[in-house]
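Some notes on the structure that comes next.
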Amino acid sequence: MLIARDLATLAAHRARLAGTAQPLALVPTMGALHAGHVALVEAARQSGAAVAASIFVNPLQFGPSEDFSRYPRDEAGDLAALADAGCALAWLPTVETMYPPDAVTTIDLAGPADNWEGAARPGHFRGVATVVAKLFGQVRPAAAYFGEKDWQQVQVVRRMSRDLHLGVGIVPVPTVRDPDGLALSSRNRYLTPAERALAPLLHRTLATLAATLARGAPAAPLLSEARARLAASGFAPDYLALVDAESLVAIPAARPPARLIAAARLGAVRLLDNVPLA
Ligand code: PAF
């Protein structure tokens, strides 16, 4: 696996890969890789692409009271996992490369970025979109792979790539879950054993609710009942909403394409999950 830590090396490795005539796919990550990230690399490889994965803990997408400094970092483990997964290139830029002191451009978003994570974490999607646009410019992939666990992020990045004519196809990959249903996340390691035992209730709640809503029931009473049940079980629900799957606008009852999305705090960890409505 080729490794680049500066733009000149990245350009040289990129030129070498271009010689293979395979399209290039990007898997953007913040490291602390788990089976969900490996599934992204595998999906990209199955498309026939040479896969570049980036590892960069992006300061711009963390709020001042969020966990940037304690976000898990494991470069050696991540590089071994990417090599095992058949990645062709790992891109590990520095903060100075991504945000030189004289850089003044960030990406302003609306539409699917407005609510939910956008409201709970002001500036978060500006940080995500800005870093993803920079990664697209540096790596210049034909396609980029994102996990559906961050459903809203996928929609935001898709709109950005389309609106800015970046020419990068956005490919969503289904959420990878532990056997009990908990969506894999780099932050799950911060759950205490008691919280970890409780955590799958979020997905169970979404799955049950999705089955009921798919039959056309009005969403509002079912959503507030489910929020109350989660709160009574020990979660601090942030939102639990039935939304249009692309615009992320709340809808009163299921109609395609719809998605149930949720964020809830459990102890120190904010869990995100979502399910489609069949
Ligand atoms: O999903 C993530 O890990 C990050 O938001 C991303 C897409 C790598 C941008 O920093």
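Residues Ser161, Ser69, Ser224 in ascending order of nearby Cβ atoms (within 10 Å, fewest first): Ser69, Ser224, Ser161.
Protection proxy ranking of 74-86, 252-264, by the mean of other Cβ atoms within 10 Å over each peptide's residues and highest first, is 252-264, 74-86.
Using only Cα atoms, locate the centre of the stretch 222-278 and the centre of the stretch 140-160, then give the distance between them in Å, rounded to an integer. The stretch 222-278 and the stretch 140-160 have Cα centres spaced 20 Å from each other. Working note: Karplus 6.51/-1.76/1.60 with θ = phi - 60° gives the stretch 244-251 the couplings 5, 5, 9, 7, 6, 7, 5, 10 Hz, where Gly and Pro are set to x.
None of the figures in this text is laboratory data; all of them are computed from the coordinates on show. Computed from a predicted structure; not experimentally measured. We place every Cβ from the backbone using ideal geometry, glycine too, and count neighbours over all the protein chains shown.
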